[in-house]
Amino acid sequence: MAIIDFFDRGWRGNPDGIAYIQDEREYTFREVRELSCRVANALAESGFGRQAIGAVWSDNDVTGWTCLLGLWRAGMTGIPVNGRNAPSENQYALDFFDCEVLFFQQRFAETLEALRPQLPKVRLWVCTDGELPWAISLQRWCGNQSADAPQVEYGMDDVVTLSATGGTTGLPKGVMNTHRSIQTYLAQFMMAHPYQGARPVNLAAAPMTHTAGLMSLPCTSLGGTVVVVTRPEPATVFGAIMKYKVTELFLPPTVIYRLLDIPGVEKLNLSSLKYFLYGAAPMSVEKLKRAIEVFGPVMAGGYGQTEAPASISYLPPADHFIDGKLASDERLSSVGRPNPLIRVEIMDDRNQVLPQGATGEICVRGDLVMKGYYKAPDKTAETIIDGWLHTGDVGHLDAEGFLHITDRKKDMIISGGFNVYPSEVEQVIWSHPAVQDCAVIGVPDDKWGEAVKAVVELNAGQSVSAEDVIALCKEKLGSVKAPKSVDFVPALPRSPVGKVLKKDLREQYWKGVQRRI
């Protein structure tokens, strides 16, 4: 199936049903499909053919998402843009990825007008909610186009999304995902979240033109409703869940931690939830237990990468329990079992498969894997070897087949010749009731080469000493893995999707020093 076929499946089954709700405004499947068809027909008339590249720079907005659907309907490639990123970051991606058409909200007009000289490849600017001297309005551009779907040829290996990796190890790489890889992700998502009878209701709290849109497509394909939250504040999120009887949503761990801190959260009626997905970063086991206590047996963990979108493995709500009781910390710290349509193995540095239980690099094979990196065949060849995607994540498969991520290979600390995996130390620090979040990194040390340092963000109004944090880690892990020092910060640096930016943290301590990796 082409990616647009998932939307059309929902439209065929529920054409006059409510596809999206934003700020209490309802959009039917028919209405959204017709606009996406007008966009696709106008793109064709403007000379944009199969595999031309476009993007939408927008807040969380149904019209912006519909323009992205229009790009896909026209057989084009979409660049996911996060409006919360620094403008220079988005500009770099749009230019390097050869963006030719850009849809945008008027509130970004001043920023984009300043960036226009740095985006010479963009030859069509379309404002979704206004008109400017240098940009045509969406309505004037496509309002008179046919509302019938154009007949567009596509191949399963055509590129659907061209996503920046985020640049954690340098300038962003462009991940090329195809109809094939996105179809595999969507199929695995739908198998993991069965619905019988009632249609699902998805809450999109992140920008749909970036990540939340793909996560909403399974709901859409079933004729369900997507509730679009323009401001993902706790009160708004909880209010939407209760008002619209939301059945599924995704949030990164850092946001879930903040929801759990809201007074009276355990008294809210969130009984409509069936699947509360968490991922994109490791989650504290202690806070996961608290989430299960507050939200019920609906927590669902998972693991994926941009290069193998969102569904390498899955820990469904039921697997958080064993015989009706909360599962062990070891189970809860896993990212579940590998999904059914792919193969996952643990490999050593010689690309040999290791026995079950051994620690090595997590490698993935199957239709979920990206096509490669845009304009970077050398990086593609380094990452996909003999058909295996080398994720750069270190982990192991336990005796029950659950996948455990130890850490990123580049985050591993070598201290005095011993390997220290930060995530193991972070789990211990997260268990302290005063700790909101933390990051463990290696810093230069004359004696050890690298020393383990913890950077800690505390809960409001609470305190703990560095000595107590170090003592807790020594008790649980021994002196080698325990931090040698602890810094306390008001807030850890995070990406727009909530990931702690360890690269930014390390840079503060490694200025003028050559790190080993």
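The values are calculated or read from the model by the stated rules, or taken from the named source; none is laboratory data. None of the values given here were measured: they were computed from a predicted structure. Positions of Cβ are backbone-derived with ideal geometry, glycine not excepted, and every protein chain shown enters the neighbour counts.
Scanning the stretch 120-138 for residues that are within 15 Å of Gly47 (Cα to Cα), in contact (Cβ under 8 Å) with a residue 24 or more places away in the chain and not in a strand (DSSP E or B) turns up Lys121, Val122. Residues in the stretch 344-355 that are surrounded by 13 or more Cβ atoms within 10 Å (Cβ to Cβ) and out of contact with any Cys (no Cβ under 9 Å at 6 or more places or on another chain): Leu354 only.
Considering the stretch 293-316 alone, what residues qualify as being surrounded by fewer than 19 Cβ atoms within 10 Å (Cβ to Cβ) and either touching a Phe, Trp or Tyr at 6+ places or on another chain (Cβ under 8 Å) or closer than 21 Å to Asp398 by Cβ (or both)? Answer for the stretch 293-316, where residues must be surrounded by fewer than 19 Cβ atoms within 10 Å (Cβ to Cβ) and either touching a Phe, Trp or Tyr at 6+ places or on another chain (Cβ under 8 Å) or closer than 21 Å to Asp398 by Cβ (or both): Pro297, Pro316.
If only residues of the stretch 266-280 that are of a type outside the set (Ser, Thr, Tyr) and surrounded by fewer than 16 Cβ atoms within 10 Å (Cβ to Cβ) are counted, the one that is nearest to His390 (Cα to Cα) is Glu266. Scanning the stretch 219-237 for residues that are of a type in the set (A, V, I, L, M, F, W, C), more than 19 Å from the chain's Cα centre (by Cα) and modelled with pLDDT under 95 returns a single hit, Ala235. Scanning the stretch 499-506 turns up no residue that is touching a strand residue (DSSP E or B) at 6+ places or on another chain (Cβ under 8 Å) and modelled with pLDDT of 95 or more. If the condition is being modelled with pLDDT of 95 or more and either of a type in the set (A, V, I, L, M) or buried (at least 16 other Cβ atoms within 10 Å of the Cβ) (or both), then the stretch 155-173 contributes Met156, Asp158, Val159, Val160, Thr161, Leu162. Residue count for the stretch 476-502, restricted to those that are in contact with a helix residue (DSSP H, G or I) (Cβ under 9 Å, 6 or more places away or on another chain) and within 19 Å of Met283 (Cα to Cα): 11.
When we screen Glu382, Glu457, Glu361, Glu426 for residues that are in contact (Cβ under 8 Å) with a residue 60 or more places away in the chain and either surrounded by 14 or more Cβ atoms within 10 Å (Cβ to Cβ) or over 21 Å from Asn339 (Cα atoms) (or both), the only hit is Glu426.
Search the stretch 83-114 for residues being in contact with an Asp or Glu (Cβ under 8 Å, 6 or more places away or on another chain) and assigned to a loop (DSSP other than H, G, I, E, B), and hand back the single one that is modelled with the highest pLDDT.
The residue in question is Gln105.
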